[in-house]
Amino acid sequence: MEDRQQIGRDYYFDNLKGLLIFTVVFGHFLGRMQMYNDGARTLYSFIYIFHMPLFILVSGYFSKKFRIDRIIDIMLVYIIWQLIIYPIGFSLFSGKPIDNLPQTILYPRYSYWYLLSLINWKLITPLLPKSYMTLLGIFIISFIPSISHKVDWEFMSIGRTIGFYPFFYLGYLLDKESVKKICSKMPKFVSIVGIFLIIILSNYVFVEERVGVGFLFYKGSLGDYVSSDLGILIFRNICIFVTLFVILCICSLVNDKKTPLTKWGQNTLVIYLTHAFILKSMKFTKGSLSLLTFLILAVCFVYGYCEVTSSNLVKKYVGVFTNFSTKKIFSKIKFKIRQPDIIS
């Protein structure tokens, strides 16, 4: 295990992905409480400013090579978890019958929209010129769902695919040297202060001013949150600027040494897929827990959950439904076809 870094494993990105998958699960946990508690709402909105944009940026960074077999693998994972495992898991944890859950592949369940969008990004990106001018064009196009109020943007996750695409393409453009150079220029003290200030800003905007947190979901029309299209464009530009600033702060604080986050970062898919139906089935009521008690329970739960689901035992059994390899399957078929000629 200690030699993994020498054979190409980058602990920096493992740690970054580990931190992000923690915030994904923690953010969804906070989502069960944020409507009842202002403190939870502040943390929830802060996490949603950066966690999926940065996760998607990292996905773009690791998508520089076009691999149709990998795209097929992701598609198989999406279909199996969307149509089979999620309904069964949700039914077991919530007590609701499976028959009451609509079966569809066109409208992703809960957090599975990311898989469908990832497939789209991986298919589209190789077809585009690799340049910052292309990024500018994608950035402009990404505003379309925000100001188009009569379109079903949740269909096939089209809204999020378009809205989040600039972050994916930015990651696609960046190389390792650029990432290290950019992050090294941000002093850690400035990053910590910057994160603290954005948390205060999140409290003001999303708690004091009661702006809908859905503004940060990038999934479609924002007409319910801002009255005019011009206001939507201005506010969304501000959001993207703040998001990029927080991303820079987070990235500058992550180190490249092996940490407890490393193992989580190497097993993000299992954690991401399994937490969905478990947290979706949880419910909290107003006044049921104090904020401090809730946060302590949430941190302990998410920490324990990430540890368990990244264990070798869970990987062994759950990995059967996540670690598909179309390339290996086709190579075996090819070998079997050629084998008689070799024997003869």
key: Ordering of 20-27, 131-138, 245-252, 233-240 by packing [mean C-beta count within 10 Å, highest first]   = 20-27, 245-252, 233-240, 131-138
query = Which of THR125, THR259, THR268 moves most in a GNM of the chain, Cα contacts under 10 Å?
reply = THR259
inquiry  = Could you tell me which residue out of TYR61, ILE84, HIS51 lies farthest along the dipole of the stretch 28-85 toward its positive end? Charges go on the beta carbon: Lys and Arg +1, Asp and Glu -1, centred on the Cα centre.
reply    = TYR61
note = Over the chain, the sum of -39500 (n - 2.57) across DSSP H runs of at least four, divided by residue number and rounded to 500 deg cm²/dmol, gives at 222 nm -21000 deg cm²/dmol
remark   = Probe 1.4 Å, all chains present, heavy atoms only: GLU177 accessible area in Å², nearest 10, is 130 Å²
ask   = How many nm is it between the label spots at SER131 and GLU208, if each spot is 7 Å from the Cα in line with the beta carbon?
value = 4.5 nm
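Mind checking the dipole of the chain: about its Cα centre, +1 per Lys or Arg Cβ, -1 per Asp or Glu Cβ, Debye to the nearest 20?
My answer is approximately 960 debye.
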The chain: DSSP helices with Cα axial extent of at least 15 Å and average Kyte-Doolittle hydropathy no lower than 0.0 = 11-31, 38-61, 68-80, 113-124, 158-173, 188-203, 229-253, 268-280, 291-309
Dipole magnitude (debye, nearest 20) for the stretch 173-270, charges at Cβ of Lys, Arg, Asp, Glu = 580 debye
message = Defining a contact as two alpha carbons under 8 Å apart and six or more residues distant in sequence, what relative contact order in percent does the stretch 180-269 show?
response = 49 percent
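List the trypsin sites (Lys or Arg not before Pro) within the stretch 143-210 that fall in a DSSP loop (any state other than H, G, I, E or B) and whose Cβ has at most 10 other Cβ atoms within 10 Å.
Within the stretch 143-210, the qualifying trypsin sites (Lys or Arg not before Pro) (loop, at most 10 other Cβ atoms within 10 Å) are LYS150, LYS185, ARG210.
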ask   = Quick one: with all protein chains in place, what share of the accessible area of the stretch 193-246 is carbon or sulfur, to the nearest percent (1.4 Å probe)?
value = 67 percent
request  = State which entries of LYS181/LYS316; LYS130/LYS181; LYS17/LYS185 exceed 28 angstrom in Cα-Cα distance in the structure shown.
outcome  = LYS181/LYS316
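The values are calculated or read from the model by the stated rules, or taken from the named source; none is laboratory data. A quick note: this is a predicted structure, and the numbers were derived from the prediction, not measured. Counting neighbours? That spans all protein chains shown, and the Cβs are built from the backbone with ideal geometry, glycine included. These accessible areas exclude ligands, DNA and RNA; they are computed on the full protein's heavy atoms, side chains included. Shrake-Rupley method; radii C 1.70, N 1.55, O 1.52, S 1.80 Å.
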